[in-house]
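To keep things clear, I will list the structure first and then write my remarks on it.
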Amino acid sequence: MAGLFISFEGIEGCGKTTQIRLLEDFLKLRSHDTVLTREPGGTRLGDQIRKILLSVENRGMFPVAELFLYAAARNQHVEEVIRPALKDGKIVLCDRFADATTAYQGAARRISGDFLEQVHKMAAGGLKPDLTILMDLPAEVGLKRAWERNEREKITGKEDRFEQEAIEFHERVREGYLMIARNEPSRVKVVDATEPADSVRQRVVQEIMKIVK
Ligand code: TMP
């Protein structure tokens with residue numbers, strides 16, 4: 001039996017990590033077999049690449065170098081974790097996937113869509129989620145939340161390489177995501193992430209129940 005592939009997307013501070021965990025609890029309570037994973041990451045190699053990508057020491061990274069690092073992490077993740085889990089009939093919940101590349105490396109860093117598509121074919125065989133929850137909110141609200149979270153969790157050095165980008169960068173990321181949602185409305189469901197967490201949770205569950213039997 002083929003499984004289900006669900007991804008969560010959104011700008012920094014949109015609350016997707018909290019929501020994906022709540023969704024995993026919800027599905028587990030209903031005896032679904034789930035795999036919760038994330039990008040970049042999800043494998044040993046992916047976690048190592050993640051450190052390189054997020055480190056503020058690598059501020060001088062060029063957009064194509066960045067793209068290939070995401071692609072390398074994704075290839076390992078798809079082969080080692082995602083495809084085997086789907087083959088076993090599991091529900092894969094992925095905190096970011098290829099739409100993040102379209103939004104960050106495409107819309108924000110301005111790498112061409114054709115090139116991104118070719119790279120995605122090589123890295124992931126063009127794999128797409130069955131459903132994507134896009135948690136939407138204005139960049140300034142998201143960034144404020146991300147900074148407050150860093151403060152709470154006492155993350156040393158505070159922001160990562162992306163959180164240090166200007167607000168305009170994050171607005172372009174948001175626009176990039178909304179464009180994907182306009183182009184693929186049956187796959188990508190936009191959820192208003194400025195709503196209280198419990199309303200967001202209910203909205204997410206509503207969407208999931210349409211495809212989870
Ligand atoms: P996270 O903070 O949601 O774990 O994501 C890590 C950062 O990586 C976030 O700033 C978005 C960025 N990113 C990309 O730029 N391209 C990608 O393909 C992915 C998966 C993430």
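The values are calculated or read from the model by the stated rules, or taken from the named source; none is laboratory data. Just so we're clear, the structure is a prediction, and the values are computed from it rather than from any experiment. Positions of Cβ are generated from backbone atoms using ideal geometry, with glycine treated the same way; all protein chains shown enter the neighbour counts.
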Let me confirm something: among Leu45, Leu67, Leu27, which residue is over 16 Å from the mean Cα position of the chain (by Cα), more than 29 Å from Ser199 (Cα to Cα) and either within 9 Å of the ligand (Cβ to nearest atom) or part of a helix (DSSP H, G or I) (or both)?
Leu45
Residues located in the stretch 103-131, provided they are within 9 Å of the ligand (Cβ to nearest atom), touching a residue at least 60 places away in the same chain (Cβ under 8 Å) and under 15 Å from Val64 (Cβ atoms):
Tyr104, Ala108
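Please specify each residue of the stretch 121-135 satisfying the condition of being part of a helix (DSSP H, G or I) and either surrounded by 21 or more Cβ atoms within 10 Å (Cβ to Cβ) or aliphatic (A, V, I, L, M) (or both).
Within the stretch 121-135, Met122, Ala123, Ala124 meet the criteria.
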Filtering the stretch 81-93 down to residues that are outside any strand (DSSP E or B) and within 16 Å of the ligand (Cβ to nearest atom), which residue is farthest from Leu4 (Cα to Cα)?
Val81
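For the stretch 26-50, give me each residue that is among the hydrophobic types (A, V, I, L, M, F, W, C) and farther than 16 Å from Ala85 by Cα.
Answer for the stretch 26-50, where residues must be among the hydrophobic types (A, V, I, L, M, F, W, C) and farther than 16 Å from Ala85 by Cα: Phe26, Leu29, Leu45, Ile49.
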Mind checking whether some residue in the stretch 164-175 is touching a Lys or Arg at 6+ places or on another chain (Cβ under 9 Å) and surrounded by fewer than 16 Cβ atoms within 10 Å (Cβ to Cβ)?
yes
Looking at the stretch 1-18, which of the residues that are in a loop (DSSP other than H, G, I, E, B) and small (Gly, Ala, Ser) is nearest to the ligand (Cβ to nearest atom)?
Gly13
Residue, surrounded by the fewest Cβ atoms within 10 Å (Cβ to Cβ), within the stretch 48-83, restricted to residues that are farther than 20 Å from Gln118 by Cβ and without any contact (Cβ under 8 Å) to a residue 12 or more places away in the chain:
Gly60
I need every pair where a residue in the stretch 171-198 that is over 15 Å from Lys128 (Cβ atoms) has its Cβ under 9 Å from the Cβ of a residue that is within 15 Å of the ligand (Cβ to nearest atom) and among the basic types (Lys, Arg), sequence separation at least 6 or different chains.
Arg172/Arg109; Arg172/Arg110; Ala193/Lys16
Out of (1) surrounded by fewer than 17 Cβ atoms within 10 Å (Cβ to Cβ); (2) closer than 22 Å to Met61 by Cβ; (3) of a type outside the set (Phe, Trp, Tyr), the one Gly106 does not meet is (1)
Can you name the number of the only condition in (1) part of a helix (DSSP H, G or I); (2) of a type outside the set (S, T, N, Q); (3) out of contact with any Asp or Glu (no Cβ under 9 Å at 6 or more places or on another chain) that Arg110 fails?
(1)
Scanning the stretch 136-175 for residues that are at pLDDT 95 or above and assigned to a loop (DSSP other than H, G, I, E, B), which turns out nearest to the ligand (Cβ to nearest atom)?
Leu137
Only one of Val56, Val64 is within 17 Å of Ala103 (Cβ to Cβ) and out of contact with any helix residue (DSSP H, G or I) (no Cβ under 7 Å at 6 or more places or on another chain). Can you tell me which?
Val64
